[in-house]
Every structure is written in C-alpha cells, then in structure tokens.
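Enquirer: Have a look at this one.
The values are calculated or read from the model by the stated rules, or taken from the named source; none is laboratory data. Since the structure is predicted, the reported quantities are computational estimates derived from the model, not experimental observations. Cβ coordinates were reconstructed from backbone atoms using ideal geometry, including for glycine residues, and neighbour counts include every protein chain displayed. Keep in mind that these areas ignore ligands, DNA and RNA; they rest on the heavy atoms of the full protein, side chains included. Shrake-Rupley method; radii C 1.70, N 1.55, O 1.52, S 1.80 Å.
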Amino acid sequence: MLSDKLKEETKTNHQILEKALVGQLKAIRSQQEYADLLRLFYGYFGGLEVKINEAIDKDLLPDNAERRKTQAIADDITFLGGDVPAKAEGDDLPRINNHLEALGALYVIEGSTLGGKIISNMMQQQLQLGNKGLSFFRSYGDNTEPMWNTFKGILNRQAQNLAEQAVVIAAANETFLKFGQWFEKAKASPQPSLTEREQENKTVFP
Ligand code: HEM
C-alpha cells in the first residue's frame, strides 16, 4: 500500500529532521523561544499550504480545508506575543504542481500531527502555557488517530500504479528535505537566545 511505502521510503529523512528538532525543543525555556520555533513552522508550512491548496483536487480529498495548519500556527505565535513572519516561497519549497505532488507534501504535514502530540507535551512541561499556544502541535487532539487513518485511506485509494506512487513519494521526500534546509537557513542567522540554550542543552543532556 502507498501509505506503507511512504513510511518506509521517507523514514531516513524523518529521522534526520526529528533528531535536529529534538535538540532545539529540549533547549526551549521561554515562550519567546517557543514562538521562534513556531515562526519556522509557520514560514514553511504556510508556504506549503498555499501551493497545496492550488494543486490538490478537492473532490479527492473532501476534508482538505479542515486539514490546514497555517491559521493555528499564527494564532499560537500571536498568543505568545510573537510576530507572524512571511511565508516561504520559490526554491525554499518543494515542487508541488499537481494533485499527486500535493498529496506527498500533505503526507508530511499530516504526519507531523503524530509527533505533534509529543512536542506539545514537551512544551507544556517546559513552559507554563496552560492550554494556550499549543493548538498547532495539539492539532486534532483526541481525533488525531482517526484523522491520520482517514488520510492514509484516501492516499491508498489514489496513485494506483508504480509511476504515480513514485511521484507522491518523491514529493514527500523533497518536502522533508526542504524543511531541513529551511531550518539550516534559520540557523545561519540564529535567534541568539535559542542558540545559547542549545549549547547549554548539550551539556545538560549529553
Ligand atoms: C520532535 C519531533 C518529532 C517527533 C518526536 C516525531 C515522532 C513521531 C512518531 C512517534 C511517529 C509515529 C507515530 C505513530 O506511528 O503512531 C511519527 C510519525 C510521523 N512523523 Fe514525526 N515526529 C517529529 C517531527 C516530525 C515533523 C516535524 C514532521 C514533518 C514535518 C514529521 C512527520 C511525520 C510523518 C510523515 C509521520 C508518519 C509516518 C508514517 O507513515 O506512519 N514528524 N513521528
């Protein structure tokens, strides 16, 4: 099934991204640092969702609108007192020119709701947030598993032949890779507070 192939063939890129992110997440000690991380997600997912909306066949993904994350991320940033940044565009984003490529990118965004549960718990423990500022990472809440299963079901009813499946898988991998590059780019002009904490974190959690 396509969903199984996607999991297998994007595994390495997921691991690389997860590893890079966990260090940053553990280092977060203030709402401002958390807002800075959300700004990175906003820029990339925000730009991605614009392209997905243009390319997706809404008849084939009826709950498409419900799956958008841009507004939730913006709301969290605003709650934390941060400025909502510009969205990524051009070469910072993967190529998404048709429905199958949009599905590959959506696989990455929708899959992030699974790790989001872990991330929102980390942030809640590290910061005094109550229940605010976590709407993006909490995502569908108790509905996360059904929403994921529905999405996988839809994926598996499309891209029937190997060539079409390869298009979805390549788009998903490019979406992971470009996200990693987006993070690297931000590190090249770092938010000082986050970088300091990251250094500190290396000593505290070797
Ligand atoms: C600290 C960061 C992260 C952690 C700890 C994490 C953890 C996880 C875990 C535990 C799962 C499996 C859940 C399950 O099978 O029930 C998962 C799945 C997934 N995650 Fe992450 N994740 C992280 C970040 C991300 C990010 C940022 C993205 C996308 C940009 C992402 C994309 C995915 C995808 C696509 C899957 C689905 C794999 C499948 O096909 O089953 N993850 N993640």
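Enquirer: List the residues of the range 144-160 whose backbone N lies under 11 Å from a point placed 7 Å from the Cα of residue 1 along the Cα-to-Cβ direction.
Expert: 149-157
Enquirer: Any chance you could give the angle, 0 to 90 degrees and rounded to 10, that helix 11-27 forms with the longest Cα principal axis of the chain?
Expert: 20
Enquirer: Classify the range 25-187 from the C-alpha gyration tensor, please: rounded if a/c falls under 1.5, else prolate or oblate depending on whether a/b exceeds b/c.
Expert: prolate
Enquirer: Taking 0.36 nm per residue of separation and subtracting the Cα-Cα distance, what length does fully extending residue 9 through residue 63 add?
Expert: So the extension gain works out to 16.9 nm.
Enquirer: If we count trypsin sites (Lys or Arg not before Pro) as exposed when they sit in a DSSP loop and have at most 12 other beta carbons within 10 Å, what is the longest stretch of the chain that avoids them all?
Expert: 59-131
Enquirer: Kindly state, to the nearest 0.05, the FRET efficiency for residue 162 paired with residue 20, given R0 = 35 Å and r defined as their beta-carbon distance.
Expert: Between residue 162 and residue 20 the formula returns 0.65.
Enquirer: For every other residue with a beta carbon closer than 11 angstrom to the beta carbon of residue 94, add +1 if it is Lys or Arg and -1 if Asp or Glu, then tell me the sum.
Expert: Counting the neighbours of residue 94, the net charge comes to -1.
Enquirer: Given an 8 Å cut-off on Cα distances and at least 6 residues of separation, report the relative contact order of the range 25-187 as a percent.
Expert: 32
Enquirer: Taking only protein heavy atoms into account and a 1.4 Å probe, give the accessible area per residue of the range 25-187 in Å².
Expert: Computed with neighbouring chains in place, this is 46 Å² per residue.
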